[in-house]
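In what follows, a single structure is set out as C-alpha cells and then discussed.
The values are calculated or read from the model by the stated rules, or taken from the named source; none is laboratory data. Note that the coordinates shown come from a computational prediction; the quantities given were computed from them, not determined experimentally. Cβ: placed from backbone, ideal geometry, glycine included. Neighbour counts: every protein chain shown.
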Amino acid sequence: MANIFGLGIADLSVEMHSRSPFVEHFCHDYLIDLPSHGVDMIAVTTEEQVDEELRAVEGTSRENAESLCLYRAIAEQLPRFDAAVFHGAAISYGDRAFLFTAPSGTGKSTHIKLWRKYLGDAVDIVNGDKPVLRLTETGVNVCSTPWAGKERWHKNRIVPLGALCLLKRGTVNRIRRADPTEHVEELLNQIYLPKNAEALGTTLELLDQLCRRVPLFVLECDISEEAVRTAFTAMTQEPYPNQTEGN
Amino acid sequence: MKIKEGFVLRRVMGKAVVIAAGNAGETFHGMIKLNDTAADVWQWLSEGCDIAQIVQKITEKYDVSAEKATADVHTLLDKLRAEGIVE
C-alpha cells in the first residue's frame, strides 16, 4: 500500500511515494503539506531497486533500503535545481556552515563531535553525513536532510556555506588553504553523480561553482582541542573563543 | 570512430574532466583529465568529425605540423579505445 507524503528539503517540495510508513516517520522533521500548485519533484522507487540496495548495503533493513532508494531518486533530480547530494559532515557556527569531507571512516563525525565538545551550543550539526548543497545567487547553501548517516545528526536548517574542508587523519594539527584544481578527483568522489548524462554534466558544473565560490582547506588533525582550534581559526577567520566547557 | 554514449566532458576550475553516466558508468569508474588539445579533440569527435578533419582543425588552431597532429590524435584515440571510451 502506497504511503504518499510531502517532504521539504533545500527549499524544494518532494512528493514521496513509499511502501512502508517507516519513511514518513524517518522524514518527520521535514514533512510539508503538498503544495496545491504542484511539487518540484516526485520520488518513487521500485521493488527491484530496493532489492538491489538490500544486497549492496550489508545488514540494512528493507525499510531503510527503501528510504535510501528514495533519497537516490531525489538526488537524480536535484541537478535541475542547481543542487546535489554531498558526502560530508556540516556544522554551523554563527550564521555560516562549515563542511568537512573525507572517505567514510576517516573521522568526520569524530571531528565535528569535537567542535560540539569544545565550542558547545555555539555549534550546531546541520547534517552529519549527506547534506544537499544548492547554489544561490552568489554562494552555496548547505541544506539538511533526514539522511544523516548512522548517528542521524541533523537539524532542519539551510545555512550559507563558509568553507569546505578535506579532512585527513594526522599526528599533528595543521591546515592549509588548498587549490581546488589539485583536488577535483577527491571532490568528485564525495558528490552524488547521477546516472543521467545531462544531470551528470550539471553536477560537474555545480562542482566547478562550488570550487569557485567557497574556499577549500586541507586539514590534518588528531582528536584534541587543538584540532578544533586549528580548523576553527583558519575556516571561520575568527578568534578562537575562550569557552572550553560544554558537552 | 565515436565516443560511446554516457561520457560527459566538463571543465572544473578550467580543467577538462571526463566521467561516465548510466551504463557507461558501470564499466568505467573514475575520471579522465584531458589537456586543452585533447579536450578539443573530444569536442570535435562528439560533433562527428573524422580523424582527417580533426587533424586539420588542430593545425588551424595550434602551431603544429599535420604529422605531429596525426600522431597525437592517434595516441589519444588509442588511449581512449583502451579505456573503452571510444568505439
Filtered residues of segment A:132-142 (kept if of a type in the set (D, E, K, R) and either touching a residue at least 60 places away in the same chain (Cβ under 8 Å) or touching a helix residue (DSSP H, G or I) at 6+ places or on another chain (Cβ under 6 Å) (or both)):
A:134
Of all residues making up segment B:8-35, the number that are out of contact with any strand residue (DSSP E or B) (no Cβ under 7 Å at 6 or more places or on another chain), within 8 Å of another protein chain (Cβ to nearest Cβ) and either small (Gly, Ala, Ser) or assigned to a loop (DSSP other than H, G, I, E, B) (or both)
5
Say whether the condition of being out of contact with any His (no Cβ under 9 Å at 6 or more places or on another chain) and exposed (fewer than 15 other Cβ atoms within 10 Å of the Cβ) is met by at least one residue in segment A:68-79.
no
How about segment A:143-247: which helices (runs of 4 or more DSSP H) wholly inside it have at least 3 residues that are within 14 Å of chain B (Cβ to nearest Cβ), touching a residue at least 40 places away in the same chain (Cβ under 8 Å) and under 20 Å from residue A:127 (Cβ atoms)?
A:197-213
If you take the residues of segment B:18-36 that are among the small types (Gly, Ala, Ser) and at pLDDT 85 or above, which of them is surrounded by the fewest Cβ atoms within 10 Å (Cβ to Cβ)?
B:21
When both residues are 6+ apart or on different chains and their Cβ atoms are under 8 Å apart, which pairs have a first residue that lies in segment A:46-71 and is among the small types (Gly, Ala, Ser), and a second that is part of a loop (DSSP other than H, G, I, E, B) and at pLDDT below 95?
A:65/A:57
Out of the residues in segment A:20-65 that are surrounded by 15 or more Cβ atoms within 10 Å (Cβ to Cβ) and of a type in the set (Asp, Glu), state the one that is nearest to residue A:78 (Cα to Cα).
A:40
Residue B:84 being closer than 30 Å to residue A:73 by Cβ, small (Gly, Ala, Ser) and more than 14 Å from chain A (Cβ to nearest Cβ):
yes
Hits in segment B:50-73 - residues which are under 13 Å from the mean Cα position of the chain (by Cα) and exposed (fewer than 13 other Cβ atoms within 10 Å of the Cβ):
B:50
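Residue-by-condition table, conditions (1) closer than 30 Å to residue A:216 by Cα; (2) in contact with a Gly (Cβ under 7 Å, 6 or more places away or on another chain):
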site	(1), (2)
B:1	no, no
B:15	yes, no
B:23	no, yes
B:32	yes, no
B:40	yes, no
B:47	no, no
Could you please find all residues in segment B:1-15 being among the hydrophobic types (A, V, I, L, M, F, W, C), at pLDDT 85 or above and more than 10 Å from the chain's Cα centre (by Cα)?
B:7, B:8, B:12, B:13
